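Accompanying notes for the structure given below.
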Amino acid sequence: MTQSFPEEVLEHVFSFLTSHTDRNAVSLVSKSWYDTERWCRDHVFIGNCYAVNPRVLTRRFKEVKAVELKGKPHFADFNLVPEGWGGCVDPWIVEMGRVYSGLEEIRLKRMEVTDEGLEMVAKGFGKLKVLVLASCDGFSTDGLAAVAANCRNLRVLDLRECEVEELSCHWLSHFPDSFTLLESLNIACLSSEVSFSALERLVSRSPNLKTLKLNRTVPLEKLSTLLQRAPQLVEFGTGAYSAEGLDAYSSLAEAFSGCKKLKSLSGFWDVIPAYLPAVYSVCSQLTSLNLSYATTQSPDLSKIISHCHNLQRLVVLDYIEDTGLETVATSCKDLKELVVFPSDPYVADANVPLTEQGLVSVSQGCTKLHSVLYFCRQMSNSALVSISKNRPNITCFRLCILEPRSPDYLTLEPLDTGFGSIVENCKQLTRLSMSGLLTDRVFEYIGKHAKKLDMLSIAFAGDTDLGLHYILSGCDSLRKLEIRDCPFGDKALLANASKLETMRSLWMSSCFVSFGACKLLGQKMPRLNVEVIDERENLNSIPENVPVEKVYIYRTVCGQRFDMPDFVRIMGKDKADVYNLS
Amino acid sequence: MMHLKETELCLGLGLPGSCEQTDTALKATGKRGFSETVDLMLNLQTKDQSSSVDMNDKKLQSSTKNNKDLTKPPAKAQVVGWPPVRNYRKNVMAQKSNTEETEKAVAGGGSAASFVKVSMDGAPYLRKVDLKLYESYQQLSDALAKMFSSFTMGNYGSQGMIDFMNESKLMDLLNSSEYVPSYEDKDGDWMLVGDVPWQMFVDSCKRLRIMKGSDAIGLAPRAMEKCKNRS
């Protein structure tokens, strides 16, 4: 196709494309579109840091303002990826520091971040405005102090669910007194005290502060001071929500009532119910409420929720009980997302009356519900069928029945028909996590119906390789598949080898995939890294037909990675081979 | 099973009331209360040998409060990474009770002193020691020896910690009629003194109990387990 538009026109058209999938699609049209696009893409998203490498990034894109990188596979969240596996961001920071002096935004997820890395960020990117670290670890408050001291343009510092080594409470004081640009601060994941006076001074001199998420150690008595200094807050996370006596109540209630723009509340550790009404004045404004640390009983939870008529997102513990969820169904007609976490995941019997009925009620009453994460102890096919018929608009359905392989508690049958109904009726389903007793049948349904499914998580399910085969051969849009403790082996994997190149990654642990099959797959598919993660000793002397502990398969343009610990092997690639794009 | 309910109360929640009960039992009948506690721990540990059940989890212990068969493990054996709940969220309940206790402790003495009760099997009274006055297990041992005259701490390894790598040495100690110190830590568990660095011990010790080596047998397996994991 001959170039009929001048480059400037094409660039202008491309500037309206903000999603990276659109940008990727556009860059495949022709070589000239590829070239034009790469010169003007300034937001880059890398879903698997090992699919490319830092040099590939900087060679292709020249003027990047925002980068988003993801490291470890999702199951790392549940301790299935051993410590030291990889995903360190430092090499990326070094290379980006060399080329992208104008970098403004860094977003990392499940990456290992070191203090040295943070120091490089702090000193190398003078224009940095946004630093979001989600589920990252490896750094300490020293690294944060470096960021605070040096990032003069910082607007957003978001430590989302990170594990931080907390060496000092004074890192916040490293923000200079002249620094007034802060818009968002999330330190909820820190378990030690931060210096309150430094925090108060920082809040006082940040007129643009919209998001403030405190950690548990900030006492309730101090909240009203902070809220009075920042009545413009849109998102607020409290600390421990309890105090001796009720003296702090009226000033707290007054402070909340001054927050006319508040839309999101979270925190609420150690809740004393008597203090909950302090937030009633803002409830009707709230679109997001996270009570997942509030270990109070259903009546108190229901009361506060019943005031939240505009709620779109609710995260709560199973203390809410079925009755509380009925309140949700009647009071929160705009609800789009529901998350119910278990208060006591390791106790065998139900400690609270939360059953499948709660979810059914919400699916009936909340017509906009499209995203569900629900932990419970019993489920039935009939409930799942009802849910799917009530809410065909569901796009994300994650159900965790706590006891593995639990059957339909009414009929004792597998839950195949129930989940089958979900994939058949919810035609826009993009994410599914299943649990309970499931045979190969459910995978047949999924392969047949779940054509928009992007991410699938399976545990303790299936009977034979056929199950895996149905998924890999049927799910056209599948990009991320994670499987644990299922009887899937070599056959389905090898038969669908080419499918794996169309996906971001496949994780299989405690299944029946053998060393030999991994080696063969790695040999046949040069554009896949077949990583065997196995902590047994003497790996080299284990026979080829023995199953591996874990295998992580992902497409890559870079071949081998060179930062592997000794329990990770990339199979089927000669050590001397290095797939270099030059 | 002898008096398992009582011991379970004492073991389970570290409630001030129940521990005093056991003290009375000690005074009246010698070592019965505590040996039963040790028996209970031994039972639970052998049944859960293949699981990663966290014995420190208070919720685990409180779940046996109904009249089930007490020889069964209080919770299902945990499979790694199941249910898929993240670490920080798993600890919500445990942290809740820990925070309350820490607050009480902080309210009590600040960081200036760290007084803990010390009891000894067969002794008619308890004493209190300030752990912050000492810098090593040996110093503590000397101080306790002065307090309870017929008391010995046994042999310590070169680092001031009991040489757990030497299984036979440990077993000798525990099989003797020598006294062995144990302590209750922040999570309400009874541990053998000497298996963690001194400062860590001071930070987590809530009370001390000096008992006959033979009674401390039930505490040893965990310490050995920890050691094996570390090596």
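Rule-based calculations on the coordinates, nothing more; no lab input. Values in this document were obtained by computation on a predicted structure and should not be read as measured data. As a convention, Cβ positions derive from the backbone with ideal geometry for all residues, glycine included, and neighbour counts pool all protein chains shown.
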Margin query: Filter A:K452/A:K480; A:K389/A:K499; A:K368/A:K480; A:K303/A:K389; A:K222/A:K336; A:K65/A:K129 down to the pairs with a C-alpha to C-alpha distance above 21 Å, please.
Written below: A:K389/A:K499; A:K368/A:K480; A:K303/A:K389; A:K222/A:K336
Next item on the list: Once you have the Cα-Cα distance between A:S192 and A:A348, take 0.36 nm times their residue separation minus that, and quote the gain in nm to one decimal.
Entry: 52.9 nm
Notebook entry, point to check: Taking a ≥ b ≥ c as the square roots of the eigenvalues of the Cα gyration tensor of segment A:116-262, is the shape rounded (a/c under 1.5), prolate (a/b larger than b/c) or oblate?
Noted result: prolate
Checklist line | Equivalent-ellipsoid semi-axes of segment A:229-385, from the Cα gyration tensor, Å, largest first | finding: 28, 18, 11
Notebook entry, point to check: To the nearest 0.05, how large is the calculated FRET efficiency for A:T295 and A:E535 if R₀ is 30 Å and r is the Cβ-Cβ distance?
Noted result: 0.25
Next item on the list: Could you calculate the contour length gain from B:V80 to B:V202, that is, 0.36 nm times the residue separation minus the distance between their Cα atoms, to one decimal place in nm?
Entry: 40.8 nm
Margin query: Please compute the contact order of chain A in relative form: average sequence separation of alpha-carbon pairs under 8 Å and at least six residues apart, divided by the residue count, as a percent.
Written below: 6
Checklist line | Mean shadow area of segment A:1-104 over all directions, Cα convex hull, nm² | finding: 7.7
Check: What residues have an amide H closer than 5 Å to that of A:K213, excluding those fewer than 5 places away on the same chain, when H is modeled at 1.01 Å from N in the peptide plane?
Finding: A:L185, A:N186, A:I187, A:G237
Next item on the list: Using a/c under 1.5 as the rounded threshold, could you call chain A rounded, prolate or oblate? The axes a ≥ b ≥ c are square roots of the C-alpha gyration tensor eigenvalues, and prolate needs a/b larger than b/c, oblate otherwise.
Entry: oblate
Checklist line | A:Q232-B:Q139 FRET efficiency (beta carbon distance; Förster radius 60 Å; 0.05 resolution) | finding: 0.60
Notebook entry, point to check: So how compact is segment A:381-530: Cα radius of gyration and Dmax in angstrom?
Noted result: 15.1, 49
Check: Using 7 Å Cα-to-Cβ label points, what is the A:S204/A:E83 separation (nm, one decimal)?
Finding: 4.1
Notebook entry, point to check: Of the cross-linked pairs B:K90/B:K212; A:K31/A:K70; A:K72/A:K261, which ones have a Cα-Cα span greater than 31 Å in the structure shown?
Noted result: B:K90/B:K212; A:K72/A:K261
Check: Based on the Cα atoms of segment A:447-582, what semi-axes does the equivalent ellipsoid have, where each is the square root of 5 times one gyration tensor eigenvalue, given in whole Å with the largest first?
Finding: 24, 19, 12
Notebook entry, point to check: At a Förster distance of 60 Å, what's the computed FRET efficiency of A:R55 paired with B:S214, Cβ-Cβ distance as r, to 0.05?
Noted result: 0.35
Margin query: Need one number: nm distance between label points at A:S284 and A:E116, each 7 Å from Cα along Cα→Cβ, rounded to one decimal.
Written below: 5.7
Check: Once you put a point 7 Å from the Cα of B:L126 and another 7 Å from the Cα of A:D35, both along the Cβ direction, what distance in nm separates them?
Finding: 8.3
Note to self: If amide hydrogens are placed 1.01 Å from N in the peptide plane, which non-local residues have theirs closer than 5 Å to the one on B:V118?
What the structure shows: B:R127, B:K128, B:V129, B:L208
